[in-house]
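As structure tokens, the structure follows; a few thoughts come after it.
The values are calculated or read from the model by the stated rules, or taken from the named source; none is laboratory data. Keep in mind the model is a prediction, meaning the values are calculated, not measured. Neighbour counts are summed over all protein chains in view; Cβ atoms, including those assigned to glycine, are modelled from backbone coordinates with ideal geometry. These accessible areas exclude ligands, DNA and RNA; they are computed on the full protein's heavy atoms, side chains included. Shrake-Rupley method; radii C 1.70, N 1.55, O 1.52, S 1.80 Å.
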Amino acid sequence: MKFLVTACITAWLALGTGCFWANERSDSMYGFEGRAVLGSNGHVEGAQAHVKGGEAGLYVDLEANLRDAARPDDPDTHRAVGLGLSLRASLSGILGTEHQLERYFDFGAELGGGGVLVPGPTHSITGVSSGWVGAWVEVSTVSLGSGYLALTGGIRREAFDAPWLDRTQLAIGIAWRQRGPMAKLNLRD
């Protein structure tokens, strides 16, 4: 958990003070995304909805999810709801000086954390926090309105508070994105 706090503070300082790679040609991006989540066993484990935005290759991602979760000493899984916050870094967005590639193909790493509420069999609710690290990829398709559609994929390793089991998750989804130079992107459209 200390690592997660340190990473969040470092990212906030980098975004808040102007990253050394950010310049007038750097891109801003915002968008929405829906994902299906597959568990370690390959079965559909849940769904996620995301809102994200950022600039110069660093993005903040807020997610809401509905998923299967195991309870301690309970062989069954139960539907759980949760919220999460991730910091995402785009390799080509950070290292590139021209930002045309990200419109068609983008990839990077993410670090995040969140909480899940799981209803129990006796009208009780268990709350658990988690942290994750992972990688993501986007392949853009067609233009739509002022933005474009993208197919998305991701993998993350998520660690839960004891006694919950850690798990690897795969996600596939579809997203709508709008991006452009920081100086020219008009978010009021």
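Which condition does Gly18 not pass, out of (1) at pLDDT 70 or above; (2) on the phi > 0 side of the Ramachandran plot, if it passes all the others?
(1)
How many of the residues in segment 113-147 are closer than 20 Å to Ala36 by Cα, open to solvent by less than 40 Å² (accessible area, probe 1.4 Å) and free of Cβ contacts under 8 Å to residues at least 60 places away in the same chain?
10
Of everything in segment 36-71 that's not hydrophobic (A, V, I, L, M, F, W, C) and not in a strand (DSSP E or B), which residue is nearest to the chain's Cα centre (by Cα)?
Among those that are not hydrophobic (A, V, I, L, M, F, W, C) and not in a strand (DSSP E or B), it is Gly57.
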